[in-house]
Amino acid sequence: MCMSLSSVNIIKSMFEDSVTGPSGNIFISPASIYQTLTLAFMGAAGETERELAGVMGVDLAETPRSEVIKNYLYERAFQAIRDRDPNLGYELTHANKLYFDRELPLSKCFQLVLQDELEAVDFSHSEKARSAINAWVKGKTRGKIAKLLPQGALDAGTKVALVNAAYFKVHIHVNTLYTCTENLMIS
C-alpha cells in the first residue's frame, strides 16, 4: 500500500510544474524502473537489500540473489536483440549506468556481471563527472534529454550515481482520419 501511494505521488509530482500538465510528451517505463531497481539491488546489502527486494517483489527466502542477477542479464540480452529489430514499429532503449568513485572498492563479481553498466569517475571533480553523465544520457536518449543533472547536483562527497535513461519512439502511420461527433460520457 505504501509503495503504491509513493508511486502515485511520484507521478503526480511530475505534473506540479504547470496547471495544465506536461507541456510535451512523457514516457514512463515500468521495465526501465525495474531494471534500475535491480541494479541497485545487486549492490545492496542488509536493510537496503531487504527494502529493495520488497519493492521489487522478490522473496529473499525463496529467490537467491543469483536468480535476480540472471534475470537482469536475460532482460539485457533480450533488449539487445529487440533493439536490432527494425520491424517492431517502435524504438525502445533502456540504459543503465552506475558511476562510482574511483576510490570505491567493487567486488570482482559485480564488475564482471555489470561491466557495461559501470564507469569509474572522480567525484572530486564533480562538474566533470556531471558533464560525463549528461553526455551519456544525451547519447542514449538521442539528444532528447541533454541535461539530466543540473549544476551542483554532484559534489566531492558523492560516491555513486545510478543513472537510468529510456528512449521511446513509436512510428505511427495514419491512413484514415476518424471524426467523433458524439459527446462521450464516462461513468
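Readers should treat all values here as calculations from the given coordinates under stated rules, not as data from a laboratory. Here the structure is a predicted model, which means the values were calculated and not measured. Quick reminder, even Gly has a Cβ in these numbers, built from the backbone with ideal geometry, and neighbours come from all protein chains shown.
Some values worked out for this structure:
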{"item": "Residue (of LEU149, LEU39, PRO86) at the positive-pole extreme of region 25-170, dipole from beta-carbon charges", "result": "PRO86"}
{"item": "Packing rank of 80-93, 134-147, where each peptide gets the mean count of other beta carbons within 10 Å, highest leading", "result": "134-147, 80-93"}
{"item": "Alpha carbon convex hull of region 25-170, volume per residue in cubic angstrom", "result": "127"}
{"item": "Net lengthening on full extension, ALA77/ASP116 (0.36 nm per residue, minus Cα-Cα)", "result": "12.8 nm"}
